[in-house]
Amino acid sequence: MKNLKEFALVIGILLVVAVLVFARTFNKNRFSESTQHIAETLKNEPVFVEADNLQINDYLVVELGENSNKEMFPSAVKVSFEALTDKNFRKQLEISEKKILLTGDELQTAKAWVILNQLGVGNLFILTEKEKTEKLRYNFNPDTTKAVVYVE
Amino acid sequence: MRVKISVLLVGLGVLLAFIPGGAGKSFRLRPSELVGKAAVDNYFTVDEVARFVNTEDSTVQLIDVRNAAEFRFCNIPGSVNIPFENLTETGWESALNRENVRTIFYSNDDLLASMAQTIATGMGNENVFVMKGGLNEWFQTVMFSEFSGETITARENALFENRFRARAAFNQMNSLPDSLKNKYFDAKRLQRKKLDGGC
């Protein structure tokens, strides 16, 4: 008992720090992952799914924005970009056992992917209409004769 | 007293050890703030970027987020290469947050550039954009488009003139042998440093 009294100040400081740490760690209104996690995820697995190779039953489809593709994704979850951080939506993603596939405008889905990745949502993929997305589809042929003229 | 300090330090160490994902930095903005900023599509078209290239606009910096090999193969004149996987490293912060300079990310398509834009915004940078359509759109519109009508309006003439000039600059830059490209990049870097440092 005497020891406890002696260490009351130390215990008090530790308790306050512990509360602050837990509050920060489990605060849903903060990003939980480090930014390095984005590059690591992209390096470890391909996150772009081409429409032609889509196995629809493997995914929980999330349609972003106004455009809807009901024929292709009848059971898709529709969400606006502004509602990405909505508690109910995030809960829906957390309890889903399927992979999550984001569809919609490419600029928006890429942004949504980064935000959800940083919020700690795993198994995230982006549907792309293009074949071999992020590959240069044109071949540049250097014009060395012109280059010589320009250098002169 | 020593014992108390020791206990305090050990206790803090134990707490730190249990913080999940403690290593590495995270976004400065809160999720709701980032969603609000990212909801707006901040982009420039390839024609607008072509104009920046032609006028050598000093209020714009182009950042190519493809890997170094792709960048060396061909890139838009005046652009700087920050491979996507290196974007979150601390060394690039000052480059991304230059006062009165608009940063435009591009990759081969939209996805990587848009991700880079969101990362830069999340890290607290303002004035970050993407070049919509990426290099594939640049090739299609700037490098390979031809006017096919019989009469050309003044507006179309200006548009194609802009594209042809940017095309010439692209061909000139990317047709240089690697040794000259390196010298070009070094000279450009040196000029920037001198300008930044003042005299």
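The values are calculated or read from the model by the stated rules, or taken from the named source; none is laboratory data. Small disclaimer: the values here were computed from a predicted structure and weren't measured. Reconstructed Cβ throughout: ideal geometry from the backbone, glycine too, with neighbour counts over all protein chains shown.
Out of all the residues in region A:78-92, is one or more in contact with a Ser or Thr (Cβ under 6 Å, 6 or more places away or on another chain) and either modelled with pLDDT under 90 or not small (Gly, Ala, Ser) (or both)?
Yes: one or more hits.
Please indicate, with yes or no, whether at least one residue in region B:38-59 is at pLDDT 95 or above, closer than 22 Å to B:Thr118 by Cβ, touching an Asp or Glu at 6+ places or on another chain (Cβ under 9 Å) and among the aromatic types (Phe, Trp, Tyr).
yes
State yes or no: is B:Phe27 of a type outside the set (Val, Ile, Thr) and either part of a helix (DSSP H, G or I) or in contact with an Asp or Glu (Cβ under 8 Å, 6 or more places away or on another chain) (or both)?
Details: of a type outside the set (Val, Ile, Thr): yes; either part of a helix (DSSP H, G or I) or in contact with an Asp or Glu (Cβ under 8 Å, 6 or more places away or on another chain) (or both): no.
No, not satisfied.
Starting from region B:134-156, keep only residues that are in contact (Cβ under 8 Å) with a residue 12 or more places away in the chain, then list their pairs with residues that are of a type in the set (S, T, N, Q) and part of a helix (DSSP H, G or I) whose Cβ atoms are within a distance under 9 Å, requiring at least 6 positions of separation or different chains.
Listed pairs, sorted by first residue: B:Val142/B:Asn162; B:Met143/B:Asn171; B:Phe147/B:Asn157.
Checking B:Gly91 against (1) free of Cβ contacts under 8 Å to residues at least 40 places away in the same chain; (2) surrounded by 20 or more Cβ atoms within 10 Å (Cβ to Cβ): exactly one of these is not met. Which one?
Result: B:Gly91 fails condition (2) only.
Pick from region A:125-145 the residues that are more than 9 Å from chain B (Cβ to nearest Cβ), touching a helix residue (DSSP H, G or I) at 6+ places or on another chain (Cβ under 8 Å) and surrounded by fewer than 20 Cβ atoms within 10 Å (Cβ to Cβ): which of them is modelled with the highest pLDDT?
Filtering first and then ranking leaves A:Glu129.
Within the set of pairs 6 or more residues apart or between chains, which connect a residue that is at pLDDT below 95 inside region B:165-177 to a residue that is among the acidic types (Asp, Glu) with Cβ atoms less than 6 Å apart?
Pairs that qualify, where the first residue is at pLDDT below 95 and the partner is among the acidic types (Asp, Glu), are B:Asn171/A:Asp143; B:Ser175/A:Asp143.
Examine region A:37-58 for a residue that is at the interface with chain B (Cβ under 10 Å from one of its Cβ atoms), outside any strand (DSSP E or B), surrounded by 10 or more Cβ atoms within 10 Å (Cβ to Cβ) and among the small types (Gly, Ala, Ser), and state whether such a residue exists.
Taking every residue of region A:37-58 in turn, at least one turns out to be at the interface with chain B (Cβ under 10 Å from one of its Cβ atoms), outside any strand (DSSP E or B), surrounded by 10 or more Cβ atoms within 10 Å (Cβ to Cβ) and among the small types (Gly, Ala, Ser).
Which one of the conditions (1) within 19 Å of B:Asp41 (Cα to Cα); (2) buried (at least 17 other Cβ atoms within 10 Å of the Cβ) does B:Val101 fail to meet, given that it meets all the rest?
Answer for B:Val101: the failing condition is (2).
Which number in (1) under 25 Å from A:Leu102 (Cβ atoms); (2) modelled with pLDDT of 90 or more; (3) within 11 Å of chain A (Cβ to nearest Cβ) marks the one condition that B:Cys74 misses?
Condition not satisfied by B:Cys74: (1).
State yes or no: is B:Leu112 modelled with pLDDT of 90 or more and within 8 Å of chain A (Cβ to nearest Cβ)?
yes
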